[in-house]
Structure formats: structure tokens, C-alpha cells
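Shown next, in C-alpha cells, is the structure this report addresses.
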Amino acid sequence: MAASTGVEQTMTKRTDTLLKPVSTTSQAGESFSADSGTGQDYLVDFLEKELGSDLKSLKNVGELLEKLREENKILEEQVLTVSSSVPPKVSAALSAAEEAICSLEGLLQRERLISNMLQQHLQGAQPWMDNLGQTLNQVDTIERHVKYLRCLQHIEELSPAVSDDQQCLGGHKGRRQYGCTGRWTKPVWMFSPQGLPPRNTSLLAQDYQGPTGQSLTPTANAQEINSQLELLVTQLLALQTSDDLISQRALASCQAVPTIQPASSATPLSQEPPLCLPIQLMLLPLSRRFRYHFYGNRQTNSLSKPEWYLTQVLMWMGNSSTFMEEKIQPILDRAGATISAMVELCRGLLSLVQEKVASDASRLLYDDVLFCHLVEEVLQFEKELRSNQSYPAVLPVAVEKMDAMLSAEGAWSSQYKDIKLVDDFRIRLTQVMKEESRCPLGARYCAILNAVNYISTILGDWGDNVFFLQLQQAAVSLGEEVVLGGLGVLEVGRLASLEGSLFEGLLALLDRLKGDMLGRLLEWTMREITEKVKPYGQDRWLSLPPQHDQSTMTLSSSACSMMLCVRDRLLNLHQVLSLSLFQLAWQGLAERLDNVLYQDVILSNHFSEGGAAQLQFDMTRNLFPLFGHYCKRPENFFKHVKEACIILCLNVGSAILLKNLLKESEDEASDWAGAGDPPPESALNELGVYCLAPCDVLILLNLRASWPGH
């Protein structure tokens, strides 16, 4: 076993020595790696296969080595061949890519050139296109004019041949057939001056004497006039367009229905078919009289008197009823027209009323009294129209529309029950305020604050209004969920006893928003003022000499910037805030400034007699008057500063007595009630000190530097 092991070790060493070049070559050819575990396994398998375990086979090592060297050489030649053939292929591919790029650039350049040429061509052709468009429009206009002139020529050719009414009717039919070739030519045959002889229209006007109020009396030629009237009405009916007749027949069939249809399904006046031609001609003089009296600057045209024109229309209907029933209706019946002459007349007169009401509506909507009066008069007019003139129920006037409105689904439920408009407005104001809160001193921020204050003021006034108190009482008694939703028993009880209002919750939110906005505004204002106060607080108060004559004193130089800043901010707030808000603003500013001066100036320094006098002069002669424009006694809003100046400016004797009194009150606080001496507060009140506590006054006395012996 030992000999076998030694032979194996010798074989392994020799094999490693012999195969070193092969391993290197194998690494270059990426066949295998002798350093890896896989390569070693491959070598062991290879040696066992070639040599085996026979020691005598070691003589074949030389042949094996030669064989491996030949294989290595072949692999090297292959590697060299491949490496030498790759660069030409790559260079060929690069050359082809460059040629493609050059070709693409050439194509792009040609495309740009052609695009520029096309754009220039279009620009040059644009004036031609514009001129051609104008020419085509002119040609179209000329063609329409030619058609119109041909139609007129045809009318001129037909008109001389008309000798009587029947020929007139036949000529009109021919013109209608000719005019129907184009929609724009319809007015030619329908309203041509030569279409209807003037004597016929005058005849119709002579026969229609109903609105004058005179009775119809027979004349010598009454039979002839009646014949001419019937012929004229028949011809006018025949001249009416087929569309109009169809619409009128449909309307007549609706009138024949005995049941009353809902007003919402009836045809509105504005969508009704046009009146028949005889009634239209009869209404022309009435329309002129109506416009003459009830339009323009006439005294009869009064917004407060709609009953004037409504009564006039009813009179015309009443005076015309006999003529329509005895003269016109029989003619319509014999002509086979299923329409009512009286209904047609009422429809025509109602169109005048409708037009008049529509013209006055824009001026009446903003006057509750006038609008209500108009509604009352229209309802009364509708009642008389239905009862006296037998106006069909299927044609709506006023009551039907009102009934439809009142019987509609949701007519008696609040349209805004799920919408709290004021609360939505408050939320939107809050959102906008947050966007503007980066600059509270800006005009937009102050405008939002004014809006919040205005809404709050209005709701506060409404809370005491009789109308809203009655509404509140009704809501509580009916248990209205829309109003009382979310309220507890206690809140509902307060509403029932009128101790609270319906707007309390919203008012609380608005007041909170107003307080937050005003506080942020004053905070930003005080930031600027506080920076100006710092130099003033660092002044040499302890070393200032006494001033025996206040007439020679001037404002401290370190206080000038502070005073100017306060003045400018007060003026700005006065301009951008409403009066009530400005009152709150300047009072809040005075309170904050009082605390800043007391803490940062007075309590942070020691004062000589001259320093105390200078401080009092700056405050009483300069700062307080800045607020004196807005109140009579501005010093009452600077209680700390005012009373501190009183203590600091006491003469030495009074200051010593007051100091001893306050010290004794501290030492013997429990003995004051039995001693019978007045408390220290009474002594302070005699000096005009009401806000500062005795301990605060003692601190101020210790800040005085002018004591005997010092």
C-alpha cells in the first residue's frame, strides 16, 4: 500500500508538471481551467483513461504529451484564424451602418427641402384661394338673386291676368307651386303685395267692427258684403300653407277631446300653430292699438297697473264674440275648417299679453310687490277668460301652470335640504384662507377675514329676526330633521325656549375661524414690531440724566423705528379691514404691545430718574397718541406700561414709603385683618395703580436706581 501510494503521488506531480502548458492553452481556448475543481476532476479521469493503474504504461507519457501539444497547436491556429476574421466583418457592418446613416440624412434633407417648397407654394396660393372663395360666394349670391328675379318675373306675368278673386286664387296657387322650389322663396308668394287685392283686405276690415263696441246693423247691401266676406275668408283659408292647416286640425282635434289633460302635457303658447289668415288680418289693427297704448312712454304703460291691458284684452274678446260666432264661424264651418273663430281670436290676443308680460318680467322680478300684483291679476284674468269666453282647458294660461308646479314631485320638499350653502361657503373660505396664510398682511387674506366677519354678523342678526325665530319655533314643533339633525336634547330644548338660535353651531365655527385669522394677522404684525422694540429695550436707561423741563424732551432715537412701524401697521389695518374688525385688531395689537414693552423693556432694565422720565415721555406723548385716533383714552389699553411708568416716576419719598409698606405687607400678611390698617391695594389705587399686583409693584421699585445712599 505504501509503494502504491508513492507511485500515485509521483504520477500526480509529473502529470501536473507536464500539463501546465496545456492548462494555459486550455484557459486561452476556454476549454477548461486547471485551477477549478471541475478541471482537476477532468484531468484525473483523463489520466486514468489513458494510463490506468499500470505502472508500465508510464512510457506512453511522451506520446501523450506530443499528442496534447499537437492538439494545442491546432487550437491556437483556430483561435488566430477566428480572431483575424472577426475585425473585417465588424468593419464591414460599421461601413454599412455609416452608409445607411448618410442615406437617411440625404432623405431627411430632401424631405425638408420638399416641405419648404410645399409651404412656400401654399403661401403663394393662399391669396388665390381667398379670391376664389370670394368669387364662389358671389356666384352663389348671384344665383340666388337670379332665382328670386325669375320668381318675381313669373309673378309679374301672372298678376295682369288676374281679373277676379277666383283667378287671384288660381294665380296664388301657381305662385305657391313655383315658390316651393326653394325654401327661401316662400315669402314671395305668401306675402307678395300683388298677392291679395287691397279691396279684399279693406272689405275684411270694414266687416270686422266688433271691438268698437257698436252693434251690427244691416245695411242695404248687407247680402253682397256677406257674400264677399265669405268668399274672402274662404280664399284666405285656401291660401294658408298645408303645414299650418295640419297643425290647426291637430289642435282642433285636441280641443274636441272632452277630458281635461294635465297642463304639463298641453302645448305652450310659444309652440302653438299659427293663427288662420283671416284672424291674423283682423288682429292687425288691434295689435297696433295695443302697442300704441301699452308700450313706450305712454301713461297707460305702467308696471304697477297690469290690469289695464288685461282688462282691455278682455273687452276686445267680449265685443268680438258676436261677430265671430254669427259671421266668421259659419263661414269656417261651410269651408270645412275645424277651428273655432273665437278661440283663434283669443289665442291671438293672448299672444299680445304674453309678449307684454315677457317684456316687463325683467323689471318686475326684483320688486316683490309688483310681481305679486302681476301674478294676482294674471290669475284673475285667466279665471274670467275661462268662465266668460269659454277658452278651452287644454290651452294653458296661468292656473294650469301653477297647478303643474304645485303638484310636481318634490314641489313641497326643500330643494336644499341636503345642501348647507353657508357651511359650504365657510369651508371654501377656510381652504382659500390656508392658501393665503403665508401672507396674512396681504389684501386677499384681509378680504377673506372681512367676508367671514360679514357672514357671522348677518347670521347673528338673523338669529334675532322675528321671521327666523318663527321658523325656529315651527321647526322645533314639527321635529324637522333637516334643521334639527344632529342636535341633542339640550340643544333642542334651548331652541324651543328661544334661548339659542338656529345658527349657533355655524356661528361658533365662523367665530372660531375669525379668531384664528385675526390672531394670525396680529401675530405677524407683532413680529415686525417686536424686532423694532429690541433696540429700544437696549437703550441706556440707567445712565440717562434727569430732565427737569419736559418741554425740551424729545422722542428717544431708538424708539423712532418702533413708532413708525406701529403707525404704518395701524393705517394699513384701518384701510383693509372692516370697522368692527379693525376695532378688534387695534385693541388686540395694543394689548400685545403692552405686554412686549412691559416684559422686554421695563422688566429687563434698571432706570435712573432721567431714564424713567424718558420712558414715560415716550409712552404718554408718542405711543399712546398713535391709538388716540381710535379711542378717547388709549392709555387704558396699556395698563401695564402706564402703571409701571407711575411707579418708576414716583418721587423718592413716596417710593420709599410705598416700598416699606409693601415689604411690611409681605412679612405680616396674616396680621392685616386685626391691625385695622388699610391693605396695600388701597395705597396703590390712590396712586392710580389698579392692574399691577403688590408683588409686581415691589419688583418695579427695585428697578429704580435713584435711592438715597446710592
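Here are a few things to note about the model shown:
- Beta carbons closer than 8 Å, at least 6 apart along the sequence or on distinct chains, pair a first residue in the range 297-311 that is assigned by the TED database to the domain that holds ALA361 with a second that is open to solvent by 70 Å² or more (accessible area, probe 1.4 Å) and among the basic types (Lys, Arg) for LEU303/ARG363.
- The single condition from (1) open to solvent by less than 30 Å² (accessible area, probe 1.4 Å); (2) modelled with pLDDT of 90 or more that GLU355 fails is (1).
- First in the range 601-628 and small (Gly, Ala, Ser), second anywhere and assigned to a helix (DSSP H, G or I) and buried (at least 23 other Cβ atoms within 10 Å of the Cβ), Cβ under 6 Å, 6 or more apart: ALA612/LEU648
- Residue count, the range 377-396 (criterion: part of a helix (DSSP H, G or I) and open to solvent by 60 Å² or more (accessible area, probe 1.4 Å)): 5
- All of (1) of a type in the set (S, T, N, Q); (2) in contact with an Asp or Glu (Cβ under 9 Å, 6 or more places away or on another chain); (3) surrounded by 20 or more Cβ atoms within 10 Å (Cβ to Cβ) hold for SER340 with one exception: (2).
- ARG289 satisfies every condition listed in (1) of a type in the set (Lys, Arg); (2) closer than 19 Å to VAL397 by Cβ; (3) open to solvent by 50 Å² or more (accessible area, probe 1.4 Å) except (2).
- Taking the range 555-650 and the helices (runs of 4 or more DSSP H) fully enclosed by it, the elements with 1 or more residues that are of a type in the set (Gly, Ala, Ser) and either over 27 Å from LEU687 (Cβ atoms) or touching a Gly at 6+ places or on another chain (Cβ under 7 Å) (or both) are at 560-576, 579-596.
- Condition broken by LEU365, with the remaining ones in (1) in contact with a Cys (Cβ under 7 Å, 6 or more places away or on another chain); (2) loosely packed, with under 13 Cβ neighbours inside 10 Å satisfied: (1)
- Scanning the range 140-162 for any residue that is closer than 21 Å to LEU236 by Cβ, modelled with pLDDT under 55 and of a type in the set (S, T, N, Q) turns up nothing.
The values are calculated or read from the model by the stated rules, or taken from the named source; none is laboratory data. All values reported here derive from a predicted model rather than from experimental measurement. We place every Cβ from the backbone using ideal geometry, glycine too, and count neighbours over all the protein chains shown. Note: areas computed on protein heavy atoms with side chains; ligands, DNA, RNA excluded. Shrake-Rupley method; radii C 1.70, N 1.55, O 1.52, S 1.80 Å.
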